[in-house]
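So the structure is just underneath, and the comments pick up after that.
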Amino acid sequence: MADAQNNNNNIEFISSKQEKAELKKFTFKQWISGSLLAQSSFRRQLPFLIFLSFLGFLYIGNRYHAEKLTRQMNMLQRELDELRAESINTAAELMFFCRQSQVQKRIDETGLGLREAVVPPAKIKRYQ
C-alpha cells in the first residue's frame, strides 16, 4: 500500500496550458542548438516520428522497386516483339522455300538430277 502511494507521488501532471505554452516556445535557435530535442513534448512524439520516417523509407523503396519492375517489363516486351517479328519472318521464308516451284528450282541449281513426276502415283491395292 505504501508503494502505491509512493508511486502516485512520483507522477507529474502537466496542464494543457503549460503544454501549449511549451509548444509555442519553439524557435529557430532551439532547432539549431538542439535543445528542442531535450524537451519532453518532443520526446513523447519521437516514436511517432520514427514510425513516419520508416513509412517514408518504405514508400521510397517501394517506388524504386516498382520503377525497376516497370523498366524490366518494358525491356522484356520489346524483346518479345522482336522475337515475334523474327518468328513471323522465319515462318514466311520457310513457306516460300517449301513451294513446289522453289523446291524444283533448288534441285535444278544443286544438280541432283531429280525430275518432277508426270504420272500420278498409283494406289496399291491389298488382296485378301
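The values are calculated or read from the model by the stated rules, or taken from the named source; none is laboratory data. All of these numbers come straight from a predicted model, not from anything done at the bench. Using ideal geometry, Cβ is built from the backbone for each residue, glycine included, and neighbour counts are taken over all protein chains shown.
Laid out as a table, the results:
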item: Which listed residue is part of a loop (DSSP other than H, G, I, E, B), among the basic types (K, R) and out of contact with any helix residue (DSSP H, G or I) (no Cβ under 8 Å at 6 or more places or on another chain), from K123, K105; result: K123
item: Helices (runs of 4 or more DSSP H) (entirely within the range 1-88) containing at least 2 residues that are at pLDDT below 95 and among the acidic types (D, E); result: 16-24
item: Among the candidates Q104, Q100, Q128, residue that is exposed (fewer than 10 other Cβ atoms within 10 Å of the Cβ), modelled with pLDDT of 85 or more and among the polar types (S, T, N, Q); result: Q100
item: In the range 89-115, the residues that are polar (S, T, N, Q) and over 44 Å from the mean Cα position of the chain (by Cα); result: Q100, S101, Q102, Q104, T110
item: Qualifying positions in the range 43-62 - among the hydrophobic types (A, V, I, L, M, F, W, C) and in contact with a helix residue (DSSP H, G or I) (Cβ under 9 Å, 6 or more places away or on another chain); result: L46, L49
